Every structure is written in C-alpha cells, then in structure tokens.
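The values are calculated or read from the model by the stated rules, or taken from the named source; none is laboratory data. Just so we're clear, the structure is a prediction, and the values are computed from it rather than from any experiment. Positions of Cβ are generated from backbone atoms using ideal geometry, with glycine treated the same way; all protein chains shown enter the neighbour counts. Surface accessibility is based on the protein's heavy atoms, side chains included, excluding ligands, DNA and RNA. Shrake-Rupley method; radii C 1.70, N 1.55, O 1.52, S 1.80 Å.
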Amino acid sequence: MNRQQSIIAAHGLTDEHDRLVKADELLAELQEACGGRLPGALAVPELRELVRQCRERGLRIAREFSAFDGQDKVGGFVRVHPVLETGEDDTDVIGGCEIIIENWLSGAQGDAQTRTSVDWLDAADRASAEITAQLDARQKLQFITSFSSDAEALCEAVEAAPGKLWSEYVELDGIAHEQPLHWRLLDGAKVTVPGSDRSWRARVLPVGPSASAPRGFELLFIANEPLKGDAHREEALENGELQHSRLVGSALTPVLRQPIARIVANAETIHARLAGPLRDEYSEYAANIAAAGQHLAGMLDDLADLEVVEAPGFKAAKERVDLADVAQRAAGILGVRAQARGISVKVDKLAEPIYAQAEFRRVLQVLINLIGNAIAYSPEESQVSVNVDEGSLGMVSVTVTDQGPGITKAQAGKIFNKFERLGRDSDGGNDTGSGLGLFISRKLALAMEGNLEVLPQQQNTDMPGAQFKLSLPVMPAE
Amino acid sequence: MGKMAIDRSQSTLVDAFLRDEMARGNRALRSVAPVIGHMLDSEGPSLFGDAIVARLRGMINDIAAQFVGELPLNPENSEMLKALVDVVAQQLASDETVVDHLYSVALEGHLTAKLKQTASIDPVLSPLMQELIASDKPEIAEIAMSTMAAQSRFAQSQNRMEMPVGELPFEVFSRVLDLFEAAPLGAGKHHIDAAIAKLKRAYDEGAGRIGLLARLSSSMHGGAIAALDLSHAGLALFASAMASLTGQPREHAVFACHEAQIVRLALMLKAAGLSAHAIEGQLAVLGGTKPLPDGFAALSQSVAQDTLREMSEV
C-alpha cells in the first residue's frame, strides 16, 4: 500500500450528495477550473458521473478519465471507492466516495476530442437559438419556429412565400456570393433579420449520418444580444452597444485553437526528429514554425480577452479575495517557468490575510501576467518578489518587483498601450507576447475599481528592476 | 362467482405463459438465420467457432454457480443446485451487456491460445511485461506483478471455461447483480440481498485483470504506444493499450484482433498513431485474410480517429 503512494497523484473525498469536501491540490485546481468550489458540488463532469455510479451501486470503480480544465486536456487513472458508514441498524450505508487519481497527465495528450468539443458548442447554440428552422438538402426552408417578438416579420415573410432558399429571407452580412453556398461557408455567418434590430449569427448544422451528403440541415439564428425593451434599445443604440460583437472569443478562438495546437504539436515532433533523421536546417525551421504557432495561440487568447474587457458594460464580480493567496497561486502556476530560468519567486508571508474586493479569477489573471513578465525579463538566477501591502484610502495592493533592466520613464508612458511591445521583438524570439497582456491587465484592474501602474525607478543603476503595482479596493468589514 | 374468478385467473396465467413461450420462440426463430449464417460463413474464419461458444456457455454457467453458491442451500441437493444455476444462467445468457462482454473474453482467450501456438507469444509473461516488472519505479513494478498474476489466473480460468465474477468490468458486474436480483429463484429476498452484498464487498474494479491492465497502460503514459506490438506486449496489454490510446471500449479492441476484423484493427492502430509499416507487421502476426485498401498508408491519424468514432456510435 505504502509503496503505491508515489503513483497516486491526487486524492479527494465526496459526501453523500456528491459534493467534493476534501481534495489535494491537483484535484482542487481541476475542480476550480471546471467552475466548482471546495467544498462544493463536484464540478468535473467526467468524475461526477463515476462518483454517482459508485455511490449508487456501492461498487469500487477504476477508470481512465480525462477532463478539460479550460485550457488543456488533463486526465489519469481514477479509482472511486465507496466509503461505508455503519447506519442505524448496523447495516452498511454509503456515506460518500473516495477518489484516488493515479498517473496524472496534463497537457495536449492526444487531441482526439475535437468532435466532442464541437458537439458541445453545437448544443450550446441549440439551447440559445431564438429562431430555429429546418432546411432540406438544398438549403430550402421547410419550416420556421421562433419565440421572439422581433422575429415575427421573418416568420410572416416565410409564411407568405414558403420554400425558398433560407438566405433569401434574411440578409447575410459580408457574403455577396451567389447562393446557395456550401453550407460550411454559411455556418457562423453574421445575419440581419428583417424587423429585428439585433445582430444575429446563423448556424447551419447538417442532419443525417454523413456530413458530406446531409439529408437536410438544422438552421439556428442566435442573437448576439438579448431582446430589450424599446426604451432600452434606443439608449443602447446610442451607446453603440448593439454593434459590439464577440467575433474572436465566440467564433474564432474555439475554431482556431485546435488546428493551431496541431500545427505546434506536429512542428515540435519534426523538430525533435521523432519521425526519423532530418537535416539540422529543417529541424530549425520546424522549431520556428512551432514558436510562431505558439505565438498565434497566445495572441488568440489575448484577443479574446481584449474583446471581453473592451465590451461596453464589462464588469468584474465583487468577491472577497485573499491577496497573498492569489499571489501564491500565481507564483505556483509559473513555478516551472521560473525554475527553468533559475529564478526564484518570493511571495510575502502575512500574519493576517489582506482581503480585497475584486474578482478572484481576474486578479489571478493580472498577477500571472505581471509575474510572467517579471520572469521573462529578469536575468537568470535572480529573484522576483511579490509584496502584499495594506495601503491607505481604502486600497490594498500587490507589488511585483524584478531585478531586470527596468523601465525607463519614456517606456513607462506607453507601456499600457494596446499592442505595445517596447522593442522587445528583438530579443531573439524568446518573447512571444502579443503586446496585449499589460493593456488587458490594466483594463481588468480598472474594471475592479482599482489600478495598475509602474512605480518610478528607484536608483540609477544598470539593473534597477521594474516594479508594477496592482491596487484594489479593500474588502469592507462586515 | 368464486369459480369464475379462479377460472379467469387461470386462463390469464395460461394466456401469459403461452404468449411468453410464443415470444421466446419468435425471438429464437428470428435469430436462426443470422446465427447460422455466421456459423457457415465461408469467407474466412468464423466469429462463432465451437471453441468460443463452448467457452461462453461455460463462463455463464460459472458466474451463475458463483452466485447460487452464496445462497444458504443444502450442498447435498445437487439436483436443486443445478436447477437454480440453470435459471440464473438463462437470465444471464439473454442479456446483451453480459453476453457482449463474455464474448470478448472468450475471444480473447481463444486468440491468446492461438497466438501462443502460431506466433509463440507467451500468454502471461511477454517481453514488455518483463520490462515493466523490472521497472526501476517500484509502484509500476508492483502493478506489473499483480497484472502478471491476474493474467496467469485468466489463462487458467479460460482453460477451465470459468469466469470469476469479480473480474467483470463495472458495467457488466452491476448488470449481473441486477440479473441475480431479478432471477426467479424462489429464495428469500434477504438471502439474495446478503449474497449480493457479499459479492459487492469483494469487488474492486481496479484490482481485476482488466482494471490492472488499464492502470498499467495508463502508467506508461505516452509510452503505451510501445505496447502496440503483439509479440512484444502480448494480446492482453496490446488490447488495453489500444483501447486506451483510441478511446474505444476494450471489447472492441479485442474484437479487432479477430482475423476477420483486420481492417478494424488497422484503423484502430492508425488512430492510435502507429505507422503504416508497423501496422502491416501487426496484421501479419495475426494472419489476416482481408487486404487493406490501396492508399491506406496515406490515411492520416486524425481521419482514422474520426472514422473510428463515427463508426462506433452505431
């Protein structure tokens, strides 16, 4: 038993309602990444199902499992054991389950899940579509259903002249090609629905066993914003709110992430010569392709974030956030990267926790950005320190300090600009930033009613170090 | 009035019995053609060799006997025991989940024996198993040792046409418990519950042969691809690794090793990431009879994965 300890990667306990009540770090992180809390309902769907079965049947189950932590596929071999408690009349009652995970794996282990994640997206679109219709194999509209008042005009138009190509009833934005186009090209198109002020997105989903020769199609129109009362709508129009769409985050990122990951993975395979001997030059080219692919992937994530923070009415949640704890987590996440460069990240230990009123996820994002930058621009074998301070005027702050070349006054003036990279393109391709990180971080800080600033350089030495300070409103005492 | 009531109840009883028998007969009749068709299949080796059918029957009876053995019955009364075992066995034999799994076990036993004969592949201690047992990581070595022991018990019980109930995967095991519960045995409910509770307590999927094989191939991480070599890994580990790498049920992986399912095997190996050349080598070990289509070598891994997933949804 004891000899098996080292193969066990994570351990957890659930109660009789499948709530995760205790979990090791890895499992706790996964639980949080899946939107759950600790203690709280087990949020990893793949584990939840196993735990439910184990509890209901009272049987010990052992399975391979994999889950999506929001970025990567993670998984391992999980064993779920019922925890027996003695009930009233000496019979065994199942009180909950023990979760033991062996051989934890994370990262792009096999990319076989493409179709499943696409299925998820389709299901989400089906659930949120306000207008649904059915098309025959030639995309002629068969019938249409809607529950939204602003789609009445469309339904009437269909009733008046049924059986036409679906694209004749609506306006396709930016597609001037003669219809019908191949359905794949129309899937995801932006659409203007007659009689509706909202902007819509069309989904064309093939029906039938084969996607190459579908029997017909499911047509969904998904509104990009909810239907508002008339007064609201005018106001919103004035603010330009209706024009704002989440093209990158909702449409581009999900579609592009997979192929880019594949390009990177294949390029790395070639670079490592896993498939056989190769001339050095080609191996180098492959490394360049991989680096460019990674850059593209990072850029895509940043652009999606950018869209979110730039959306009118973007607001952050107000939670109680333990700053030292978040800093510790951010440092933990970047631990490997820091180690690789021999840099130590030192986070202040506090006697009393300092709480800010902010959104946990966003604070973590900002700190990862700051500490990540500090690691990237520090000399090897140096130290990055993170200090948490109780400020004045109802603000608390986290300061990240590195021992790098620092930031000059001129640079400090524009460092928070969009796409600003401060000439860091020239450092031999080490840095694959999009120039958006600090811009987004600052926007996030502002949205949480705080601020992000560069502290002025302290002395005039070679390596004065850069200092970034994130301030946030203090959590009011209850 | 009383007489009428009895008559009616009798007639409904008779009626139900007749209908039941007729329905059973209809089912049997419907399956005659496909079953005989398979048995007479002249295109290569049949999926229903006598050996496999005999193993299947033996295992079903063995599972039934293990359950009946837990009931407090007089062991002297062998007639009675045999009758009860038959009742339970019949219940098991009519369940798709149970039969599907046991079929795959029987096929695995059959193929293991065949590979030993034709390709001298050791059913228990393949070269890869030896390497894993000698692993410098004690925890892997330990799982490998347990796996070897389980594999050796498996070889033995296959020869005896037995199936320890604790070796069944979770879905099958819990289905079997349901069937035990539903079997018309006439025994007291608390006896049946006690017998089931005992079987449940003893059950641990992760300690069974298939569970151990899965843990072992998962502990190899990316190296599991090394197990995709029949003569290196042996059929048991080969099938588990292939199932794990392709995300397919292990039953399908075993089925793919039948010599009439060469194309399925080629597709699974491709999806798992093996090169066309290596795949041909594996097919040669199994002595496949169907040629692969031209251009199979050019098929990409992701296309193979998609095809596999699409086809196994049916």
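Shown here for the range A:267-350: GluC sites (Glu not before Pro) in loop regions (DSSP other than H, G, I, E, B) with at most 15 other Cβ atoms within 10 Å, of which there are none. Summing charges over neighbours of residue A:15, with a neighbour being any other residue whose Cβ is under 10 Å away from its Cβ, gives +1 when K and R count +1 and D and E count -1.
Among the trypsin sites (Lys or Arg not before Pro) found in the range B:96-178, those both in a DSSP coil and sparsely packed, with 15 or fewer other Cβ atoms within 10 Å of their Cβ, are B:160.
For chain B, the longest principal axis of the alpha carbon atoms and the long axis of helix B:301-312 meet at an angle near 10°. Computed over chain B with a Gaussian network model linking Cα atoms closer than 10 Å, the most mobile of B:22, B:220, B:163 is B:22. Residues whose amide H lies under 5 Å from that of residue A:105, counting only those 5 or more places away or on a different chain, are A:75, A:76; hydrogens are built 1.01 Å from N in the peptide plane.
Each of A:129, B:296, A:354 was placed along the dipole of the protein assembly as shown (beta-carbon charges, centred on the mean Cα), and the one lying farthest toward the positive end is B:296. Compared with the dominant Cα axis of chain B, that is its longest principal axis, helix B:138-159 is turned about 50°. Work through the residues other than residue A:342 whose Cβ is under 9 Å from its Cβ and net out their charges, Lys, Arg +1 and Asp, Glu -1. It works out to a net charge of -1. Remark on residue A:131: its backbone amide H falls under 5 Å from those of A:221, a criterion applied only to residues 5 or more positions apart or on other chains, H modelled at 1.01 Å from N.
Hey, what angle do you get for helix B:209-219 against the long axis of chain B, alpha-carbon based, 0 to 90 degrees rounded to 10? Once rounded, the angle reads 30 degrees. Its Cα centre serving as origin, chain B has a Cβ charge dipole (Lys and Arg +1, Asp and Glu -1) of approximately 300 debye.
Only helical runs count toward this figure. For chain B, summing -39,500 (n - 2.57) over DSSP H runs of n ≥ 4 and dividing by all residues gives -23000 deg cm²/dmol at 222 nm. Residue order by solvent-accessible surface for B:17, B:180, A:143, A:314 is B:17, A:143, A:314, B:180, largest first, with ligands and nucleic acids left out and a 1.4 Å probe.
Computed with a 1.4 Å probe on the full set of protein chains, the accessible area for residue A:285 sits at about 130 Å². Evaluated over the range B:11-313, the count of Lys pairs having alpha-carbon atoms less than 23 Å apart is 7 (only pairs 8 or more residues apart or interchain).
If you count only protein heavy atoms and use a 1.4 Å probe, how large is the accessible surface of residue A:269, to the nearest 10 Å²? We get 50 Å² for residue A:269. Computed with every protein chain present, the accessible area of residue A:159 is close to 150 Å² [probe 1.4 Å]. Couplings 3J(HN,Hα) of the range B:114-125, computed from phi: 5, 5, 4, 6, 8, 10, 6, 9, 5, x, 10, 10 Hz, in residue order, whole Hz [Karplus 6.51 cos²θ - 1.76 cosθ + 1.60, θ = phi - 60°; x for Gly and Pro]. The alpha carbon centroids of the range A:400-421 and the range A:309-353 are separated by 20 Å. Its relative contact order, with pairs defined as Cα atoms under 8 Å and 6+ residues apart, puts chain B at 17 percent.
The separation of the range A:55-74 from the range B:174-228, counted between C-alpha centres, amounts to 17 Å. Here is the list for the range B:74-143: GluC sites (Glu not before Pro) lying in DSSP coil, each with at most 11 other C-beta atoms within 10 angstrom of its C-beta, are B:76.
Candidate cross-link partners of residue A:443 among the lysines, defined by an alpha-carbon separation under 23 Å and a same-chain spacing of 8 or more, comprise A:315, A:318, A:409, A:414, A:418, A:469. Taking the chain by itself as reference, the range A:53-76 contains these residues with an accessible-area loss of 50 Å² or more in the full protein complex (1.4 Å probe, heavy atoms): A:57, A:59, A:60, A:63, A:64. Phi angles across the range A:157-168 convert, under the Karplus curve 6.51 cos²θ - 1.76 cosθ + 1.60 with θ = phi - 60°, into 3J(HN,Hα) values of 4, 5, 4, 5, 9, x, x, 8, 4, 4, 6, 7 Hz, Gly and Pro given as x. Note on A:100-106: average number of Cβ atoms from other chains within 10 Å of each residue's Cβ is 3.
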